[in-house]
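Below is one structure; the comments refer to it alone.
Just so it is clear, none of the values below were taken in a lab; they were calculated from the coordinates. The structure displayed is predicted, hence computed values, not measured ones. We place every Cβ from the backbone using ideal geometry, glycine too, and count neighbours over all the protein chains shown.
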Amino acid sequence: MIEVDHLAKRYGSQRAVDDLSFVVRPGKVTGFLGPNGAGKTTTLRAATDLIRADKGRVTFDGQAYRELLQPMRHVGVALEPTAFHPGRTASDHLMMLAPYAGVDHRRCATVLGLVGLEEAAGKRVGGFSLGMRGRLSLAAALLGNPEFLLLDEPVNGLDPEGIRWMRQLLRELADEGRTVLISSHLLSEVEQTVDEVVIIAQGRLVFQGSLAALEASTAAWVSVESSEPEAVREVARRRGWSLPPDGAHHGRTVWIGGATSTEVAVAIVQAGIPLEGLSSSSSDLESIFLSMTAGQGGIR
Amino acid sequence: MIAALVSEYRKFFTTRMWWILMICMMAYFLVISLAMAWVFAYAVSGDDGAVSQYRPMIYGLGASMGYVFPALVGAVAVTGEYRHRTIVPTYLAEPRRWVVMTAKALAAIPMGFVIAVAGTVSCLVGGAVGLHLGGADPGLWASQTWKAAGLSILALTMWSVIGVGLGMLVISQVGVIITVLAFTQLVEPLARVGLSAFPSTSGIAKFFPGAASDAVSGGTSIYSQLSVNGSMMQASSLSVGQGVLVLAAYGVVFALLGYVARIRRDVA
């Protein structure tokens, strides 16, 4: 199990990750979702000690990354598909990491086969497409046969066939009991791959749960337009309805969860708040996701 | 630590930079030692005493004039990791950064040794051919020749370690190349000639890395000859042992500064 515990990181005055807590369970593929700049990559970098968190910690079965003796044997990480020396071949790249994972050239060949790069093993990475680089990143992550996998935008650059292949592979890895966390800025991209989702916006947790729960919990998100958005939020709070995190304010529109559009309309009118527009979001997961994470492009 | 060392060794030998620089270095050493040996042999024709006195200088030319090459090889081995961002998988594989950095510094020794041997062999070949063409005895089997060659290998190896330290400190590939070229090819030669012209400052010049390198490779370099003839002053020079210590100190200081600069820095 991966536990993110009150993680915080700021860059100057900007809170990239703001008191973020969630858990990732084994045997499942968990989608780590949020718009660009939501703090996904910062979280993954802080989890793996590339950057130093200001507060909080991330543990893998109770151990921080830096406490792991041979981290590649426990946590497989694929962060950026550009971290290759263009002059090295695919197998040279893996061989340079192999001593850290405690494996030899046979394991390198095995993982290259696993990601479909056996033909390109002796080719220089400089000539690789984005999709091939992504596959090589994944091969490096799998090198030490780790029980945890952290993959940043793993389907980026893959063609539809590649995405289907990736989906199957991640499924198999999770079925073997591994803990798989994949980030994406598009829910639709990973919707068919993930069992669970962790959604963040502006560095804060917005939602954690299964896809089904996401659909159910947000089926009734209602967007309210009013010249007094704070009063609308106050009404929602009094009635115990849910609101997106503080960060996700955007002008006159307020998103309210856990109520039907009629209930919301009645409550707002009763409170004497000017109501200028009201609509319920569709059950389309992607627009739910958008409305939760900022409302950009959501239903008007 | 062994894993880190093996990894560093593989990183080094799986890129082309090292042998491109090595071939450039060998060509350069071959040409300058051949040219200087030939001119020298021609100039002192028949004076066997002068030949045997200055032969070590010719065979040590690489260490006194060409140390920029091993320094660059060492520096680029580090900055290339940042340029191509392979530092990310490296730190992911070994989050204890001191292990990675120590391995880089240690791994530079055998790699630097390979380059140092190649460079010194170039000087021996170039120098011997040049002396022979000029009608002087190459003296390849003389003990002083072997001593000069051994010390040249030592000095050039140390330069690659200094390069690694410098690379850790500067990080920027372009930055480190410009720094190394500007310092070794312009600032230091001018400063050494300038400072050694005055008795009050000649004591400083001998602690320059290039001067220490000269001291290691025989203490009879172009610069010491220049200052002797130019100012009629006995230029002070370090002993071989002191030169080794000064070069090692530069390597350690740069590596420590680089270590302090990198150990806690976010890799964004």
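Descriptive notes on the structure:
- Taking the Cα centre of region A:222-280 as origin and assigning +1 to Lys and Arg Cβ atoms and -1 to Asp and Glu Cβ atoms, the resulting dipole is close to 160 debye.
- Between the Cα long axis of helix A:229-238 and the first principal axis of chain A there is an angle of about 90°, rounded to the nearest 10.
- 0 to 90° range, to nearest 10: angle between helix B:143-170 axis and chain B longest Cα axis: 30
- Positive-end extreme of charge dipole, chain B - chosen from B:VAL240, B:THR90, B:ILE153 (charges on Cβ): B:THR90
- Peptide ranges A:33-40, B:11-18, B:52-59 listed from the most packed, as the mean C-beta count within 10 angstrom indicates: B:52-59, A:33-40, B:11-18
- Charged side chains reduced to their Cβ positions (Lys and Arg at +1, Asp and Glu at -1) give the protein assembly as shown a dipole of some 1100 debye around its Cα centre.
- Between helix B:2-13 and chain B: long-axis angle, C-alpha atoms, 0 to 90°, nearest 10: 60
- Here chain A is treated with +1 on each Lys and Arg Cβ and -1 on each Asp and Glu Cβ, and its dipole about the Cα centre works out to around 680 debye.
- Peptide A:69-76 has a mean of 2 when you count, residue by residue, the C-beta atoms of other protein chains within 10 Å of its C-beta.
- Separation of alpha-carbon centers, region A:186-200 and region B:138-172, rounded to whole Å: 57
- Signed unit charges on C-beta, dipole axis of region B:1-122, positive-most listed residue B:MET101, B:ALA35, B:MET17: B:MET101
- The lysines whose alpha-carbon is closer than 20 Å to the alpha-carbon of B:LYS11, local same-chain residues fewer than 8 away aside, are A:LYS123, B:LYS104.
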